[in-house]
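As structure tokens, the structure follows; a few thoughts come after it.
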Amino acid sequence: MLKEALADADMVLVGIGEEFDGMELLRGNEEYGQICESAAAAGAQWAVPCINRYFLEKDERVKEAYRKLGEVLKQKNYFVITTCADGLIEEAGLKEERITTPCGSYDRLQCGAGCAGSVISAGDAVYQELKQVFTGKKNWRNVNRPKCGICGADMECNTLYAEKYLEEGYGESFQRYGKWLQGTLNHKLCILELGAGMLFAGVLRFRFEKIAALNQKAELIRVHSRLYQLPAELEGRGKGISRNAVDFMAEW
Ligand SMILES: [Zn+2]
């Protein structure tokens, strides 16, 4: 049913939520817990996104899920909105201009004091340096933390969890997303919602339900281990699939 819905669609909107962020996996990882503790003890909480990435990169399952997603979307007119900031979506090999990341990205840094215009690409240097700390080759004290080019304050990852989150990091892609959405009206739109819980329901679940309700040719496919139900008004206009979204995509 899902494969037909996708084959049939002119446009595909994909939403990626919490089930893809790997946090459930990380919480049970002892080594992860120890490194987070050592970061906290050194006052280096800013590095937590990099610690997350270091461990998530080892998660072959989620990478496989992204690769499958890339295959599914290859020939399609798609747009992806994801609340995951870890950058693993790169595995899907999608067009960068068709992805928006409203919760930020580990790939960008911003001024910790919130200077407008301070968002830069993180580059690999900081991450490589931190990896040496995670593997015990370097001490937290010796990490060169990048500084803001405007005010000189310490930089941190440009994500929702920054003390003064700068939305300029994703603003442009979000505008593109809005325009793309306008263009979906009266088109056969397949909405594929993958593992979106209630944490960012305003940008995924509720928003997607509204988009589906407004377009009579839209179909909503909702995949989630527990929250897979569709609202009554979308009866017959989609399907709720009761599965973990990562498993679902990885086994596509
Ligand atoms: Zn600054």
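The values are calculated or read from the model by the stated rules, or taken from the named source; none is laboratory data. The model shown is predicted, which means the values in this text are computed figures rather than measured ones. Cβ atoms come from the backbone with ideal geometry, glycine included; neighbour counts cover every protein chain shown. Protein only, heavy atoms only, side chains kept; ligands, DNA and RNA dropped before computing areas. Shrake-Rupley method; radii C 1.70, N 1.55, O 1.52, S 1.80 Å.
Taking the convex hull of the alpha carbon positions in the chain and averaging its projected area over all directions gives 13.4 nm². Normalised size of region 103-170, defined as Cα radius of gyration per 2.2 N^0.38 Å with N residues, equals 1.11. Pairs of lysine residues in region 111-252 that meet both criteria, 8 or more places apart or on different chains and Cα atoms under 28 Å apart, total 15. Cα centroid separation, region 184-252 to region 52-117: 19 Å. Stokes-Einstein, applied to the Kirkwood radius of region 146-245 over Cα pairs at a viscosity of 1.567 mPa s and 4 °C, places its translational diffusion at 82 µm² s⁻¹. Against the main long axis of the alpha-carbon atoms of the chain, helix 30-41 sits at an angle near 50°. Computed from the alpha carbon atoms alone, the convex hull of region 52-145 holds 111 Å³ per residue. Once the 1.4 Å probe is applied to the protein heavy atoms, the chain comes out at 49 Å² accessible per residue.
Could you work out [θ]222 nm for the chain from helices alone, using -39500 (n - 2.57) per DSSP H run of at least four and dividing by all its residues? Round to the nearest 500 deg cm²/dmol. Present the calculation step by step, with values, prior to reporting the outcome.
Values: 9 runs with 88 residues, N = 252.
That comes out to -10000 deg cm²/dmol.
Once the Cα atoms are used to define both axes, helix 60-73 deviates from the longest principal axis of the chain by about 40 degrees.
A viscosity of 1.567 mPa s and a temperature of 4 °C, combined with the Kirkwood radius over Cα pairs in Stokes-Einstein, give a translational diffusion coefficient for region 143-182 of 107 µm²/s.
On full extension, the segment bounded by ARG243 and LYS95 gains 50.6 nm, given 0.36 nm per residue less the C-alpha separation. Note on region 1-115: along the principal axes its Cα atoms extend 54, 36, 18 Å, ordered by decreasing extent.
Isolated cysteines of the chain, defined as having no other cysteine beta carbon under 4.7 Å away, are CYS36, CYS50, CYS84, CYS103, CYS151, CYS157, CYS190. Largest first and in whole Å, the equivalent-ellipsoid semi-axes of region 74-122 read 25, 10, 9, each the square root of five times a Cα gyration tensor eigenvalue. The stretch between GLN128 and TYR161 holds 9.7 nm of extra length on full extension. This uses 0.36 nm per residue minus the Cα-Cα distance. A simple packing score, the average count of other Cβ atoms within 10 Å per residue, orders the peptides 190-196, 61-67 as 190-196, 61-67, with the highest score first.
Across the accessible surface of the chain, with the other protein chains kept in place and a 1.4 Å probe, carbon and sulfur atoms take up 48 percent. Taking the longest Cα principal axis of the chain as reference, the axis of helix 168-182 is set at about 0 degrees.
For the peptides 234-244, 131-141, the ranking by mean Cβ contacts within 10 Å, running from highest to lowest, is 234-244, 131-141.
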